[in-house]
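S.K.: Submitted below is the structure of interest, expressed as structure tokens.
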Amino acid sequence: MSRIQSTFAALAQQKKKALIPYITAGDPHPKHTVNLMHALVNSGANMLELGVPFSDPMADGPVIQRASERALAHHVGLVDVLQMVRTFREKDTKTPVILMGYANPVEAMGIENFADQAKAAGVDGVLTVDYPPEECGDFVSLLKSRELDPIFLLSPTTEASRINTIVRQASGFVYYVSLKGVTGSQNLDIAQVTERLQSIRSKTSLPIGVGFGVRDAETARQVAEIADAIVVGSRMVQEVENSTEQALLGNLAALTSELRAAIDSN
Amino acid sequence: MQVYDMPDERGHFGPYGGVFVAETLIEALEELRVMYERYRHDPEFLAEFAYDLKHFVGRPSPVYYAQRLSEKIGGARIYFKREDLNHTGAHKVNNTVGQALLAKRMGKPRVIAETGAGQHGVATATIAARLGLECVVYMGSEDVKRQAPNVYRMKLLGATVVPVESGSKTLKDALNEAMRDWVTNVADTFYIIGTVAGPHPYPMMVRDFQSVIGIEAKQQMQEMIGRQPDAVVACVGGGSNAMGIFYPYIDEENVKLIGVEAAGYGLETGKHAAPLTANSPVGVLHGNRTYLMQDKNGQIVETHSVSAGLDYPGVGPEHAWLKDIHRAEYVAVTDDEAMNAFHTMCRTEGIIPALESSHAIAYAMKLAATMSPEKVLLVNLSGRGDKDINTVARLSGIEL
């Protein structure tokens, strides 16, 4: 059982939902990333989504794009991101880490080389935004043979037959994009998400994470009623952007605690 | 002889092309793919397209023998396919007319586009006005500054121009932003991509709409000289004018196809926009796999060309394929060579060419000099240079 699978299993036993905050590796400076990861875990995160900076993040809104630009100003590449995970693993062997990024940095490293290095660094799941299942069969096999979970997105417009195709390739969990648009768009429509999740659950027993529109504690609480995991991205990154270096860890920890409390209040 | 038949049903040209987008765009692309398949051979749709190309765009564009230029060089005879004479001044309008007619069939009241030099933006705004569609054009803020007359032109035509401040503030960033708009407003919006790149079906669809250039040229060359040229030369940024003229010639084995990329300050400086000529690594950007200018971390690097329309780090996937199978040859000329060709063309032929097209002219001039006068080169004069006079004046140290 992968670290992601066992984390979901343990949470289910406790009747709790997974909180998955997202930060971009290297934002605002590479020296903070590992400390931030530990701070998020200590204040209630169950898994971490770590963004790999990319020059052309087409599926992201302005907030996460700026995070990428800040990290790229310090030349943070995929190799550096994997090193951060390796350092994180020196003190935390239990919290799953999911890399989220785009295909080109992975291809530049070589997909097999990447799979080897990600495994060695202690990565658990990989979400490659612009790799739909039809285009990444080889990559998925390489990940699975190393017990890395390929994470796939499902969107409000994904058709039923396609959901079946995607969940057959996915493992760990599936990530439901709660609205039409890029990361950090307007608030999600909880009734619509509820309906869609029911339809997805009829096709897979994989846990379902929901993200792309969770902007505050109340939305997180509502989503926690219906999803297995709540992914909070742009809101976290906004906090990074608005924090002084001194206040960074404290602010991110406080926000994570607030989201945790909201999720657990159901 | 095997007939060229690309792409496959999922948009692959060998290892290139494909559909590399986030799940949020998949259904929109599928809808587009299905609708385009329905209409691409539909006689009524094709008749409407042909009518607008004739009466609105002014096609067929002529083929012109550049006698003085040819004699000055003293080598092969140079002919130009005059896309510069189209309404809005470039080949871009062929494609926007096609896609806008498709948008209308699909019931989408709003069209969006990205633009670099502004030609595709103007062409989109133009056809949107003609068809009564709302139009939003994304343009890198650097390009907004470089191409002020085209920005104003789009506004006159009723379009909203959105300056893009992210990344390098050029064409690739405008493309990112247009994709984001599309994913957010997909129900009522049609995204008119201006070049033979992007996710399937765009590279195929844009090529099909642009192939009117090559179809006409084949007939016109036959009429003018009783045979086909020895080589066809076209500039390549994303590569739509080149695919348009190359495509109908692909099965004509005796006709060489030559794509001319922008070498900028020189390939050796790294400041260029010539991924094919420089043999850049293959990667994934803007929905397709192709040759891409990138650093060792897979980050897309900033490109340079004097011509905004060629200033793009990737290239259409079909060009990548034609390079690999050696059906087309790709070369690059520098800013200086293109500028020199620009001035020569102005003074020798009375034609002010676009800086993009000047790259093709520059290479054709070099090549013609090595060939005998019995040989014939057909150059795609993809656009006129009125939009570039500010740039040229500035580079010549002249204040307008």
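The values are calculated or read from the model by the stated rules, or taken from the named source; none is laboratory data. Here the structure is a predicted model, which means the values were calculated and not measured. Note that each Cβ is placed from the backbone with ideal geometry, even for glycine, and that neighbours are counted across all protein chains shown. Heavy atoms of the whole protein, side chains included, go into the accessibility calculation; ligands, DNA and RNA do not. Shrake-Rupley method; radii C 1.70, N 1.55, O 1.52, S 1.80 Å.
S.K.: Quick query: amide H of residue A:24 versus all other amide H atoms, modeled in the peptide plane; which residues come in under 5 Å with a sequence gap of 5 or more or a different chain?
M.R.: A:51
S.K.: Continuing with the same structure: Where does the charge balance sit around residue B:304 when Lys and Arg score +1, Asp and Glu -1, over other residues with C-beta under 10 Å from its C-beta? It would help to have the intermediate numbers written out before the result.
M.R.: Working: positive: B:271; negative: B:302, B:311, B:335.
Charge balance in the 10 Å sphere: -2.
S.K.: Still on this structure, I have one more. Hey, any idea what % of the protein assembly as shown's accessible area is carbon plus sulfur with a 1.4 Å probe? List each step's numbers first, then the result.
M.R.: On the way: 11870 of 23690 Å².
Here carbon and sulfur together make up 50 percent of the probe-accessible area.
S.K.: Percent of alpha carbon pairs in chain B separated by more than 28 Å? Intermediate results must be reported in sequence, preceding the final value.
M.R.: On the way: 32160 of 79800 pairs.
Cα-Cα pairs in chain B separated by more than 28 Å: 40 percent.
S.K.: To continue, here is another question. All other residues with a Cβ under 13 Å from the Cβ of residue A:159 taken together, and with Lys, Arg as +1 and Asp, Glu as -1, what is their net charge? Don't skip to the end; give the middle numbers.
M.R.: Numbers: positive: A:162, A:196, A:203; negative: B:23, B:27, B:30, B:31.
Local net charge: -1.
S.K.: Separation between the residue B:326 and residue B:38 pseudo-spin-labels, each 7 Å from Cα along Cα→Cβ, expressed in nm?
M.R.: Those two pseudo-labels are separated by 4.4 nm.
S.K.: Show the residues, 5+ positions off or on another chain, whose built amide H is closer than 5 Å to the amide H of residue B:231.
M.R.: Counting only residues 5 or more places away or on other chains, the set is B:256, B:376, B:378.
S.K.: Interface size between chain B and chain A, please: total buried accessible area, 1.4 Å probe, rounded to the nearest 100 Å². If you can, show how the numbers build up before the last one.
M.R.: Values: alone 15450 and 11120 Å², together 23690 Å².
Accessible area lost upon association: around 2900 Å².
S.K.: Determine the residues within the stretch B:180-218 where the difference in accessible area between the chain on its own and the full set of protein chains amounts to at least 30 Å²; count protein heavy atoms only and use a 1.4 Å probe.
M.R.: Relative to the lone chain, where solvent access is computed with a 1.4 Å probe, the stretch B:180-218 loses at least 30 Å² at B:180, B:183, B:184.
S.K.: May I pose another question? Considering the dipole of the protein assembly as shown built from charges on the beta carbon (Lys and Arg +1, Asp and Glu -1) around the Cα centre, which of B:215, B:351, B:101 is farthest to its positive end?
M.R.: Looking along the dipole axis, the top candidate is B:101.
S.K.: Sticking with this one: For all pairs of alpha-carbon atoms in the stretch B:183-341, what percent lies in each bin of width 5 Å, listed from the first bin to the last filled one?
M.R.: Per 5 Å bin, starting at 0, the Cα pair percentages come out as 2, 9, 17, 20, 19, 15, 10, 5, 2, 1, 0.
S.K.: Calculate, for chain B, the solvent-accessible area per residue in square angstrom, rolling a 1.4 angstrom probe over the heavy atoms of the protein chains.
M.R.: It amounts to 35 Å² per residue over chain B.
S.K.: Binning every alpha carbon pair distance of the protein assembly as shown at 10 Å from zero, what are the percents per bin?
M.R.: Over the protein assembly as shown, the share of Cα pairs per 10 Å bin runs 3, 16, 26, 24, 16, 10, 4, 1, 0 percent.
S.K.: Taking a virtual spin label 7 Å from the Cα of residue B:4 along the C-beta vector, which residues in the stretch B:253-297 bring their backbone nitrogen under 18 Å of it?
M.R.: B:253-261, B:276-277, B:291
S.K.: Hey, can you list the residues from the stretch B:297-328 whose accessible area shrinks by 50 Å² or more with all protein chains present, relative to the chain by itself (probe 1.4 Å, no ligands or nucleic acids)?
M.R.: When all protein chains are present, B:297, B:299 each give up 50 Å² or more of accessible surface.
S.K.: Please report the net charge: other residues with Cβ closer than 9 Å to the Cβ of residue B:27, K and R +1, D and E -1.
M.R.: Numbers: positive: A:162; negative: A:159, B:23, B:30, B:31.
Spelling it out: positives minus negatives among the neighbours equals -3.
S.K.: Still on this structure, I have one more. Only bridges whose two residues both fall in the protein assembly as shown count here: according to DSSP, what percent of them are antiparallel, nearest 5?
M.R.: 20
S.K.: OK, next. Any chance you could check the stretch A:90-117 for residues losing 50 Å² or more of accessible area when the partner protein chains are in, compared with the chain on its own (1.4 Å probe)?
M.R.: A:104, A:107
S.K.: I would also like to ask the following. As a test, work out the antiparallel percent of DSSP beta bridges whose residues both lie in the stretch B:219-353, rounded to the nearest 5.
M.R.: Within the stretch B:219-353, antiparallel bridges account for around 35 percent of the total.
S.K.: Under the Kirkwood approximation applied to all pairs of distinct alpha-carbon atoms, what is the hydrodynamic radius of the stretch A:52-158 in Å?
M.R.: Details: mean 1/r = 0.0693 Å⁻¹.
Averaging 1/r across every pair of different Cα atoms and inverting gives 14.4 Å.
S.K.: Still on this structure, I have one more. Nothing charged except the Cβ atoms of Lys and Arg (+1) and of Asp and Glu (-1): what's the magnitude of the dipole of chain A about its Cα centre? Round to the nearest 20 debye.
M.R.: Numbers: 24 positive and 30 negative charges, 153 e Å.
It comes to approximately 740 debye.
S.K.: Right, next: Given labels modelled 7 Å from the Cα in the Cβ direction, how far is it in nm from residue A:218 to residue B:160?
M.R.: 2.8
S.K.: Under the definition of partner shielding as Cβ atoms of other protein chains within 10 Å of a residue Cβ, what is the mean value for peptide A:127-136? Numbers along the way, then the final one.
M.R.: Numbers: counts 0, 3, 5, 11, 5, 10, 2, 5, 9, 1.
Going residue by residue through A:127-136 and averaging, the value is 5.
S.K.: Which FRET efficiency, nearest 0.05, do residue A:244 and residue A:73 yield, Cβ-Cβ r, R0 22 Å?
M.R.: On the way: r = 18 Å, r/R0 = 0.80.
My answer for the efficiency is 0.80.
S.K.: Skip the ligands, DNA and RNA, and give the accessible area per residue of the stretch A:141-266 with a 1.4 Å probe, whole Å².
M.R.: Numbers: 4910 Å² over 126 residues.
Roughly 39 Å² per residue, with all protein chains present.
S.K.: Can you flag which of A:180/B:155; B:81/B:155; B:54/B:387; B:218/B:366; B:92/B:172; A:180/B:323 are past 27 Å Cα-Cα? Before the final figure, lay out the partial values.
M.R.: Values: A:180/B:155 29 Å; B:81/B:155 30 Å; B:54/B:387 24 Å; B:218/B:366 24 Å; B:92/B:172 17 Å; A:180/B:323 38 Å.
Violating the 27 Å limit, Cα to Cα: A:180/B:155; B:81/B:155; A:180/B:323.
S.K.: Still on this model: For the stretch B:170-183, take each phi angle, set θ = phi - 60°, evaluate the Karplus expression 6.51 cos²θ - 1.76 cosθ + 1.60, and give the result in whole Hz per residue in order, putting x for glycine and proline.
M.R.: So the Karplus estimates, Gly and Pro as x, are 10, 3, 5, 6, 4, 5, 4, 5, 5, 4, 5, 4, 4, 5 Hz.
S.K.: Same structure, new question: Which distance in nm do the two modelled labels at residue A:164 and residue B:224 give, with both placed 7 Å along the Cα-to-Cβ direction?
M.R.: In this crude spin-label approximation the distance works out to 5.6 nm.
S.K.: Could you list which residues have their amide H under 5 Å from that of residue A:176, counting only those 5 or more apart in sequence or on another chain, with H placed in the peptide plane?
M.R.: A:154, A:209, A:210, A:211
S.K.: How are the alpha carbon pair distances in the stretch B:114-255 distributed across 5 Å bins from zero to the largest one, expressed in percent?
M.R.: 2, 10, 16, 19, 17, 13, 9, 7, 5, 1, 0
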